[in-house]
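Here's the structure we're looking at; comments come further down.
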Amino acid sequence: MIPYGKQSINDEDINSVIEVLKSDFLTQGPIVEKFELAVASYCDAKYAVSVSNATAALHISCLALGLKKDKIAWTSPNTFVATSNSVLYTGANIDFVDIEPDSYNLSIEELKKRLVEAKAVGKLPDVLLPVHFSGQSCKMQEINQLSKEYGFQVIEDASHAIGARYNNKPVGNCEYSDLCVFSFHPVKIITTGEGGVITTNRKDLYELLIRLRSHGITRNPELMTKEPDGDWYYQQLELGYNYRLTELQAALGLSQLKRLDEFVIRRNQIAERYNLLLKDFPVKLPSLTENIYSSYHLYVIKIDSFKCDKSHKEVFSDLRKRGIGVQLHYIPVHTQPYYQSLGFKNRSFPESEAYYSAAISLPVYFELKDSEQDKVVDTLRECLGL
Ligand SMILES: *Cc1c(COP(=O)(O)O)cnc(C)c1O
C-alpha cells in the first residue's frame, strides 16, 4: 500500500533522540527551549510555545484568547474535528463559515456576509480560526482587515502549513493573527511523534500559554500575588494542564526542522509532477493563488461527475483496493453526529458538502518515489476507466 502521507526519519533524527536518552533531562530541559527558539526564528515570530500536540495547542490558544461559556468562535467545516473541538473544550459556542470552491479554505465572501448578519443580531464571533487547508494559507490580509473592523481575534490553524509562505513571508509569523498553531503528528510536514507549537508576537499571550501548558504554574516572582515563601515556592495562577513536549520529542523536532525546507521543496516537486501527469484527466486539480507557496501537506483532486463515468465512491474504493492509500480530508465537521446533536441538524454548508462528495487526497510525502507516483497515476487512470 502506498499511503497518502508518511514521515521521513534519517540517522541524524535518530541520533538526536538517542543523545537525549543519555542526557540528564527527558523532559523540561534545554532542548525544548532550543526547539522553540528555532521554530520562532524559522517563522519569524517573536515567541514559540511547544505543547504535546496541536489539539492541546488549539485548546490553550482558545483559552488564552478568553474563550469560555457564552463566547463565540468560527472556523470552516473543512477541517479535522480537533479545530472546533478545541473551542468546545472551553465551553464557548462554535459556528462554521463555508469554504471557497477553489482553495477549499474559509471563504472571505462568505465570512463578510456572515459578519454583517451576526452584527445585526449581536452575535459577532470573539475568535476566528482559519485553517490553512492542505498547506495553502488563507487570505490572511483580508481576515486581518475584517478582524479590526469587527473586533475578533485570530488563531491560524496551520497544522498543515509549516514551511508554507504567504506574500513571500513564512506562515507562523503572525503578521495578521494573534496566534498560529502547527502540528507535528507523523503525517504532517515535520514530526515529533506527537507534538505542536504555537507562535505569537504578543508577550502577554506567550507568558499565559507557558503557564497554561504546565498546570497554570509560575516560578516568576514578578507574576506572583505576594513575595515567594522561599526558594521552593511557585504559584498556580490559572487552571492549566500538563500539555508539555518531552526533550525526546523536541530533539526529533529540532532535527526535523533542519530538513523542513528540503521536505517542502520535494512536496512541491511531487505536486507539480501530478499537475503535469493528470492535466488531461477528468478531475479538478489543486489551484494556488499567486502570493501562495504551499507546503503541500495534501494533494487533493476532485472527481468531476459530469466528465467521469465512475462515481467518486467507486473511484475511491477502487484505488484503495489496488494499493493506493488515498484518504478524504475532510468529512464536514458539522455533519458529524456529535455536531448534529449540538444543533447543526438543519444547517448546510453547501461548498463543503459538495467538496466532500468529490475529493480524494493522493499520496504526497518526502520519500514518495517517482516510480510510486507513476503507479498512483496509472492506477487512477484505470480506476477512472480511461
Ligand atoms: C492534524 C490536525 C490537527 C490536530 O493535530 P494533532 O497534533 O494531531 O493534535 C488540528 N487541525 C488540523 C487541521 C489538523 O490537520
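Every number here is computed from the coordinates shown, using simple stated rules; none is lab data. Keep in mind that what you see is a predicted model, and the values were worked out from it rather than measured. All Cβ positions, even for glycine, are placed from backbone atoms using ideal geometry, and neighbour counts span all protein chains on display.
Have a look at Pro186, Pro125, Pro337 and tell me which one the Gaussian network model of the chain (Cα, springs below 10 Å) gives the largest fluctuation. Largest GNM mean-square fluctuation: Pro337. For region 300-365 and region 98-151, what is the separation of their Cα centres, given in Å? About 23 Å separates the Cα centre of region 300-365 from the one of region 98-151.
A simple count of charges around Asn173, restricted to other residues whose Cβ falls under 11 Å of its Cβ and scoring Lys, Arg +1 and Asp, Glu -1, yields 0. In the calculated pair-distance distribution of the chain, the portion above 37 angstrom amounts to 23 percent of the Cα-Cα pairs.
For the residue pairs Lys46/Lys226; Lys188/Lys375; Lys302/Lys375; Lys123/Lys188; Lys310/Lys375, alpha carbon separations beyond 25 Å are given by Lys46/Lys226; Lys123/Lys188. Rounded if a/c is under 1.5, else prolate if a/b is larger than b/c, else oblate: which is region 75-164, with a ≥ b ≥ c the root eigenvalues of its Cα gyration tensor? It comes out oblate by the Cα gyration axes.
The amide H of Gln327, built 1.01 Å from its N in the peptide plane, has Ser361 as neighbours under 5 Å, considering only residues 5 or more places off or on other chains.
Computed over neighbours whose Cβ is under 12 Å from that of Tyr241, the net charge equals +2, Lys and Arg +1, Asp and Glu -1. Amide H contacts of His297 (H built 1.01 Å from N, in plane; Pro and chain starts excluded): Gly135 sit under 5 Å, all sequence-distant by 5 or more or on other chains.
Against the chain, whose longest principal axis comes from its Cα atoms, helix 247-277 is set at around 20 degrees. With K and R counted +1 and D and E -1, the other residues having a Cβ less than 14 Å from that of Val154 yield a net charge of -4.
Helix 30-43 versus the longest principal axis of the chain: what is the Cα-based angle in degrees, 0 to 90, to the nearest 10? It works out to around 50 degrees. Under 10 Å, Cα contacts only: if you run a Gaussian network model on the chain, which one of Leu257, Leu237, Leu65 comes out with the highest mean-square fluctuation? The residue that fluctuates most here is Leu237. A simple rule links phi to the HN-Hα coupling: the Karplus curve 6.51 cos²θ - 1.76 cosθ + 1.60 with θ = phi - 60°, which for region 159-170 gives 3, 8, 10, 5, x, 7, 10, 10, 6, 6, 10, x Hz, with x for Gly and Pro. With both bridge residues required to lie in the chain, what share of the DSSP beta bridges run antiparallel, to the nearest 5%? Of those bridges, close to 60 percent are antiparallel.
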